[in-house]
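Have a look at the structure below, then the notes.
The values are calculated or read from the model by the stated rules, or taken from the named source; none is laboratory data. All figures in this text were calculated on a predicted structure; none of them were measured in a lab. Here the Cβ positions follow ideal geometry from the backbone for every residue, glycine too, while neighbour counts run over all protein chains shown.
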């Protein structure tokens, strides 16, 4: 598939020459006569590479670059500046803003094509490495899924078979206990299936800039205080740890849908209870400052090493062979993907054997 290049150049003769040279090499080329049009075209077309003049009316090249780097959909697109100004200060400014290369005017056809080819090759290498990481994650999850499916399925099959065969010999109370176990196993299986489907959907969005851009443009908001409190109390009750829960919540409106903030909160709090012992504290606290919502969940459980935290950052599960109860590893991965797709962050602080604290930020505004 041929690559798409956007050329932003205010001088018509130069712009047309560049477009012609690139089209001869079978590139798909868009052209913009000024920075404002260029930014709009970049956001609409999501090109593979941008060639941008520095000195232009309306928006100069530095402002164009700043605008592109501040937009999630365009921030990773490689950009090469076209300029007659080659002072160290000019080059440093461009590089600090995130420019990938400079091409000094006047340039030859070979210089243009050589620079473009080099940059595209580098971008392809980056994309390949990203794909390798995704493949590694898929492989990790595919290896854990059979076991995760087998455990609840075995419970459902064995308990239902026992009920069928011993129906006339067991009392009502015992039958209800067995049915509760079957129901619990069914719920576990349902959640696993839903999480896997959701994970696949989130990875697709993350891997396709246009779908990512559409998600960023959705005007969604959710109130946090009541929903976070309800989920935390429900989880604590479900796991018979109501006395271990501490809440310190503020009222804020986050730029994310209600269903997604519920899912994020549910997975993080579930994880906190899962990896800490009964009788130890799980604290859920929120605050708001500078249009940013902070959710911090801290448990006094097993903790993680720096290496394990780094693996999680790369979306890899860890030590499943030691800690069988940890599950498929999808919960935190899904939460992290959701948070990042909505312009937020998730960081982890932990000391093995002492505590783990997960800090989430999301764009927001306070509520009155």
Output yes when any residue across segment 263-284 is at pLDDT below 90 and either over 27 Å from residue 181 (Cα atoms) or not assigned by TED's automatic domain parsing to the domain that holds residue 349 (or both), and no when none is.
no
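Could you list, in sequence order, the residues of segment 100-132 that are part of a helix (DSSP H, G or I), within 19 Å of residue 8 (Cα to Cα) and in contact (Cβ under 8 Å) with a residue 60 or more places away in the chain?
Within segment 100-132, 109, 112, 113, 116, 119, 120 qualify.
Yes/no per residue for (1) within 13 Å of residue 68 (Cα to Cα); (2) in contact with a strand residue (DSSP E or B) (Cβ under 8 Å, 6 or more places away or on another chain):
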position: 11; (1), (2): no, yes
position: 15; (1), (2): no, yes
position: 20; (1), (2): no, no
position: 31; (1), (2): no, yes
position: 35; (1), (2): yes, yes
position: 38; (1), (2): yes, yes
position: 51; (1), (2): yes, yes
Residue list for segment 272-297, filter: within 21 Å of residue 364 (Cα to Cα), touching a residue at least 12 places away in the same chain (Cβ under 8 Å) and surrounded by fewer than 19 Cβ atoms within 10 Å (Cβ to Cβ):
285, 287, 288, 291, 292, 294, 296
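Rundown of residues vs (1) at pLDDT below 75; (2) over 22 Å from residue 68 (Cβ atoms), yes/no style:
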position: 139; (1), (2): yes, yes
position: 155; (1), (2): no, yes
position: 165; (1), (2): no, yes
position: 176; (1), (2): no, yes
position: 181; (1), (2): no, yes
position: 210; (1), (2): yes, no
position: 220; (1), (2): yes, yes
Hey, does segment 355-364 have a residue that's surrounded by fewer than 21 Cβ atoms within 10 Å (Cβ to Cβ) and either modelled with pLDDT under 85 or outside any strand (DSSP E or B) (or both)?
no
Matching residues, segment 256-271, being surrounded by fewer than 20 Cβ atoms within 10 Å (Cβ to Cβ) and in contact with a strand residue (DSSP E or B) (Cβ under 7 Å, 6 or more places away or on another chain):
257, 258
Quick one: in segment 38-55, of everything that is in contact (Cβ under 8 Å) with a residue 12 or more places away in the chain and surrounded by fewer than 19 Cβ atoms within 10 Å (Cβ to Cβ), which residue is farthest from residue 113 (Cα to Cα)?
43
Hits in segment 1-26 (condition: in contact (Cβ under 8 Å) with a residue 60 or more places away in the chain and in contact with a helix residue (DSSP H, G or I) (Cβ under 8 Å, 6 or more places away or on another chain)):
3, 5, 9, 18, 21, 22, 25
